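The structure appears right after this line, and notes come after that.
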Amino acid sequence: MEFALSPEAVLKLWSALISPAYTLMDQNPDAKGSTDDWRSISKASDVGQKPGANASENNPGRKEVQEVSGQGLKRGAEKLASFVGEEKRVGTRTVLVGHRRVSETEAYVPQRFCSNQIISSKYTVWNFLPKNLFEQFRRIANFYFLIIFLVQGYEDWLRHRADKEVNKSTVFVIEGARRVKKECEGIKVGDIVEVSADETFPCDLIFLASSTKDGACHVTTASLDGESNVKTHYTVPDTANLCTCQAIDCLTATIECEQPQPDLYRFVGRINIYKGDQEPVARALGPENLLLKGATLKNTPRIYGVAVYTGMETKMALNYQGKSQKRSAVEKSINVFLIVYLCILLGKATVCTTLKYVWQSIPYNDEPWYNQKTQKDRETFKLLKMFTDFLSFMVLFNFIIPVSMYVTVEMQKFLGSFFISWDKEMYDESRQEGALVNTSDLNEELGQVEYVFSDKTGTLTENTMEFIECSIDGFKYSSSLSEVDGGKSSAKASKSKEDLFMRALCLCHTVQVQESDEVDARTSESNISNKYVAASPDEIALLQGAQKYGFTFLGQENSIIKVKTPNKKIERYELLNVLDFDCVRRRMSVLVKAKDGRLYLFCKGADSAVFPRVSAAEAQKTKIHVERNAMDGYRTLCVAFKEISQGDYKKISDQIKEATMALQDREAKMAKVFDEIETDMHLIGSTAVEDKLQDLAAETIEALHMAGMKIWVLTGDKMETAQATCYACRLFQTSTELLQLTTKTVGEGDRKEDRLHELLVDYHKKLVVDIPHGKRTWLLSHEYGLVIDGATLSLILNPSQDSRSSHYKTIFLQICLKCTAVLCCRMAPLQKAQIVRMVKNSKGSPITLAVGDGANDVSMILEAHVGIGIKGKEGRQAARNSDYAIPKFKDLKRLLLAHGHLYYVRIAHLVQYFFYKNLCFIFPQFLYQFFCGFSQQPLYDAAYLTMFNICFTSLPIVAYSLLEQHVHIDTLMAFPKLYL
């Protein structure tokens, strides 16, 4: 029922309130008081008696009349304001008519009055933010979002502080042949910057000159990619001698390079150096000439470089940009539940709106005697009224949507990730590192993994290489050049072939010797690894093996490589070119010039990359040893060489220079040139290096297998080596029947697709057709393992246009899903990602996990639902791009079986609880509408609603979801089947 006063009633009420003041004034007709307090109001009311206008100024009753009349007016104004909602105003105002003062001698205080501007808006530019925030946070539930706002603000403030510290650091810039101190943020592209030892490079610099004689410098990139080893960078020869401020300031040059790219290991450019009126000299620039921001200068007193990328265009800054956000299966299911609950909300609102108008169809219910409709209500459009009623019911029942659940779930994930980082069982004492959580959104995903894709080298193995043996010209050498094939010294290679092989090992590599280390032929093997610095441990192992046979690599200075021979003689070779190793070529080569002027090409690489480039007879002699070493689980490399004439080298040099000077497609052009150079070589021999299994790797794989996970090994290693490793780590059991899809079984030539089709159909019949369907039936059936190589995989994933071959991928996937374990060897990084994507997008969308330690594993780590990086010896690219990083492969068992299982159960309880309690809480509100005539009356007080969501129901479940262990962790580790 509405309560309102008509204007006439208000005036009558006002007359009654001020009548005592009029009565007193009637009793004192001579009292001439200050009637300004009430005159304007009494005139407006136009009721009651008017006070006398001729009261004497000296009347002693004047003060009393003023006080009484003032009090009466005050009380009347307060009562009137309480009835009609007028604003309470205290005091009086004096208005100068025409703004003219009455008397110059009378004191007058100017007053400020409101302008005639009408303002109906609620906010101004200045008070919008604070006033709106006050309005919003009167709803206590919104403090959830305030907390998130403050946390994010605090984190960003810390970033601002860190940025300021970096931007305000001092650097030295060469201007006018003098060292000028500047703030780091003041560096511009083109500035020549001086950096001293142990300082961090302030931007991406092109290396111009160094204080060392050979124009080289040593840097560490641990803050960029986690690699702690020292890397060597070189300047172009034309600027190497400009090692003073005066000399470097005289340099006139331009640099052409690619636009900023985030790839840390790629750079394409060229520098044009101008000397007087001569033609400019052009030199190619590559990654070895680029000093990255964030890297640190080591073992070099001072360098000069020119800024090419600054600020947010540096490679380090471009790598700040996060990878695409992964979403867990639980998060996706929450969205489905929310849609269901939204439908329930719409259904409740529709039912109540419909029943309301059914109930109001009876006139007595629609317009009772105590609540008559106004004329405006009767004239309102009925459909509009129904729509507003529907919205009112939506607002009334909106608590069924658990908005606060998102904040609670995020809080649980964020806080829960600390328990993984704090787990002492996953702490590696040797590296002083523990587990690292890069993405807390996937904690529960760790408890639902069905497929594990693992790298081999550095993940299942230690990546600590030990030289075992070698084969030279078809003869096997064990521990010394005199010990051949178990001591049969009569059957061995010629002395010249032995020396050539050892020289190839000492020359064909990118190993550096630390300057602080002294090279001594009597140095024990335990100290050898300390003096050599290399990106790959294989190269150090090969140099250790060469040293065991009497050939020692002494280092490189000014492109001169020094090698000590068994007779203590030091040989010097000029390094002309390095054809770098890459994952596609799977080999590397060097071009060197001997003291006698002869030019040699030495090449080492995988047998599949070297054998096609040598004669078949030479390959056949060494192939036996390579295959035998691979069966024993050793990593093998083949070594080849060829002698090059001066005329051929001139052509080769021109081709390499032309390719390296290209700004577009430089890698493709260089690969083509390298491919043409590395032909018609002569095979010298092969090496065998052992990579031991990591501790508890076999036990970890066995536990994951018992937990219902299928483990696939994706490696670039050769099939025999990978297969031996799989048996050693119990991925393949002795009872496992191996199905092979390799180049050996498929064959070569035109019939290889027909043979592949036959094998796929045969394996499909054996695994899919003849085995009853059912979820994870492989646990109860005969165990099968599949072995496939990269070449065959290319035929399957990239078939010809033949209609029959288009089904290869589907058949292959069905075969793989039925196997207990799959080994994919000779895999390129892109193929690893393709395999993961194929399984991830298969029927049922199984949860996939990829684990690796090197840069070649990054693609599959990013592709899988959950990416795990091993903090290995091949750098930290995998760990940086992963969702979780662990020190050892054995930690994967605890991460999945303990933390993953518990977090999945906890988050499931948390989400179900929120939906359940909101449904139970709102259902009585829905029922209450049947007893209040569907009038949108709330059953609960607003404060109770807020407290119910914040205190009564959220805090207990958060504690439960963080600390609950329905099964003890030791039990989960002891019984992996609990993961199912």
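Where a Cα-Cα gap under 19 Å defines reach, which lysines qualify for Lys188, not counting those fewer than 8 residues away within the same chain?
Lys164, Lys168, Lys293, Lys315
Sketch the reach of a paramagnetic label on Gln664 as a point 7 Å from Cα along Cα-to-Cβ, and name the residues of the range 263-298 whose backbone nitrogen lies under 17 Å away.
Counting only backbone N, you get 268-270.
Would you work out what percent of the accessible area of the range 676-775, with all protein chains in place, is carbon or sulfur (probe 1.4 Å)?
Looking at the range 676-775 in its full context, I get 50 percent from C and S.
Of all the accessible heavy-atom surface of the range 239-367, with the other protein chains kept in place and a 1.4 Å probe, what percent is carbon and sulfur?
Numbers: 3920 of 6770 Å².
Heavy-atom surface of the range 239-367 belonging to carbon and sulfur, 1.4 Å probe: 58 percent.
Taking Rh as the Kirkwood radius computed over C-alpha pairs, what is the Stokes-Einstein D of the range 601-731 at 25 °C in a medium of viscosity 0.890 mPa s, expressed in µm² per second?
For these conditions, the coefficient is 140 µm²/s.
Tell me the net charge near Leu338. Cut-off is 12 Å between Cβ atoms, Leu338 excluded, with +1 for each Lys or Arg and -1 for each Asp or Glu. It would help to have the intermediate numbers written out before the result.
Values: positive: Lys332; negative: Glu331.
With Lys, Arg at +1 and Asp, Glu at -1, the neighbours total 0.
How much length is gained if the chain between Gln246 and Leu919 is pulled fully straight, taking 0.36 nm per residue apart and subtracting their Cα-Cα distance, in nm to one decimal?
Numbers: separation 673, 0.36 × 673 = 242.28 nm, distance 7.89 nm.
That works out to 234.4 nm of additional length.
So which of Lys275/Lys672; Lys548/Lys604; Lys621/Lys657; Lys492/Lys692; Lys413/Lys888 end up more than 27 Å apart by C-alpha? Each step should come with its number before you reach the end.
Values: Lys275/Lys672 33 Å; Lys548/Lys604 19 Å; Lys621/Lys657 37 Å; Lys492/Lys692 29 Å; Lys413/Lys888 24 Å.
Over 27 Å apart, Cα to Cα: Lys275/Lys672; Lys621/Lys657; Lys492/Lys692.
Straight-line reach from Lys131: which lysines have a Cα under 19 Å away, not including same-chain ones fewer than 8 places off?
Lys122
Among the trypsin sites (Lys or Arg not before Pro) in the range 369-426, which ones are in a DSSP loop with at most 14 other Cβ atoms within 10 Å of the Cβ? Mind listing them?
On the way: sites: Lys373, Lys376, Arg378, Lys382, Lys385, Lys413, Lys424; in loops: Lys373.
Loop-located and lightly packed - Lys373.
How long is the gain from Tyr123 to Ser496 if the chain were fully straight, where each residue apart is worth 0.36 nm and the alpha carbon distance is subtracted?
Between Tyr123 and Ser496, full extension yields an extra 125.0 nm.
What lysines does Lys818 reach when the alpha-carbon gap must be under 20 Å and sequence neighbours fewer than 8 apart in one chain are set aside?
Cross-link targets: Lys710, Lys765, Lys766, Lys775, Lys809, Lys832, Lys840, Lys843, Lys977.
Kindly write out, for the range 731-738 in residue order, the coupling ³J(HN,Hα) from the Karplus curve 6.51 cos²θ - 1.76 cosθ + 1.60 (θ = phi - 60°), rounded to whole Hz, with x marking Gly and Pro.
Values, residue by residue: 5, 9, 8, 5, 8, 6, 8, 8 Hz.
Using only Cα atoms, locate the centre of the range 677-718 and the centre of the range 345-374, then give the distance between them in Å, rounded to an integer.
When both Cα centres are located, 75 Å separates them.
Once the range 406-481 is represented by equal point scatterers at the alpha-carbon sites, with solvent omitted, what log10 I(q)/I(0) does the Debye formula produce at q = 0.14, 0.20, 0.25, 0.27 Å⁻¹?
The Debye formula, applied to the Cα set alone, gives -0.71, -1.07, -1.21, -1.22.
Give me the accessible area per residue for the range 356-455, probe 1.4 Å, as a whole number in Å².
57 Å²
Report the Cα-based extents of the range 851-952 along its three principal axes, largest first, to the nearest Å.
73, 24, 20
Give me the accessible area per residue for the range 803-873, probe 1.4 Å, as a whole number in Å².
Here the per-residue accessible area is 31 Å².
Multiply the residue gap between Tyr940 and Lys298 by 0.36 nm, knock off their C-alpha separation, and tell me the result in nm, one decimal place.
Once the chain is fully extended between Tyr940 and Lys298, it gains 224.2 nm.
Just grab the label-to-label distance for Glu466 and Ser196, each label 7 Å out from Cα along the Cβ direction, in nm (one decimal).
4.6 nm
Hey, rough spin-label estimate for Ile273 and Asn335, points 7 angstrom out along Cα→Cβ, what's it come to in nanometres?
That separation, rounded to one decimal, is 5.7 nm.
Per residue of the range 623-637, in order, report the coupling 6.51 cos²θ - 1.76 cosθ + 1.60 (Karplus, θ = phi - 60°) as ³J(HN,Hα) in whole Hz, putting x for Gly and Pro.
Coupling constants for the range 623-637: 4, 4, 5, 4, 5, 5, 5, 5, 5, 7, x, 8, 8, 10, 9 Hz.
If you scale each eigenvalue of the Cα gyration tensor by 5 and take the root, what three semi-axes come out for the range 590-663, rounded to whole angstrom and sorted largest first? Write out the running numbers ahead of the final one.
On the way: eigenvalues 184, 48, 24 Å².
The three semi-axes for the range 590-663 are 30, 15, 11 Å.
Work out the P(r) tail for the range 362-438: percent of alpha carbon pairs separated by more than 20 Å, whole number. Numbers along the way, then the final one.
On the way: 1923 of 2926 pairs.
Counting every Cα pair in the range 362-438, those more than 20 Å apart make up 66 percent.
Would you mind computing, in nm to one decimal, how far apart the modelled labels at Gln646 and Ser211 are, each placed 7 Å from Cα along Cα→Cβ?
Spacing of the two 7 Å Cα→Cβ label points: 4.1 nm.
Go ahead and run the numbers for FRET between Asp156 and Lys326, Cβ-Cβ distance against an R0 of 22 Å, rounding to 0.05.
Taking R0 as 22 Å, the efficiency between Asp156 and Lys326 is 0.40.
The values are calculated or read from the model by the stated rules, or taken from the named source; none is laboratory data. Since the structure is predicted, the reported quantities are computational estimates derived from the model, not experimental observations. We place every Cβ from the backbone using ideal geometry, glycine too, and count neighbours over all the protein chains shown. For the accessible areas, the whole protein counts, side chains as well, though only heavy atoms, and no ligand, DNA or RNA atoms are used. Shrake-Rupley method; radii C 1.70, N 1.55, O 1.52, S 1.80 Å.
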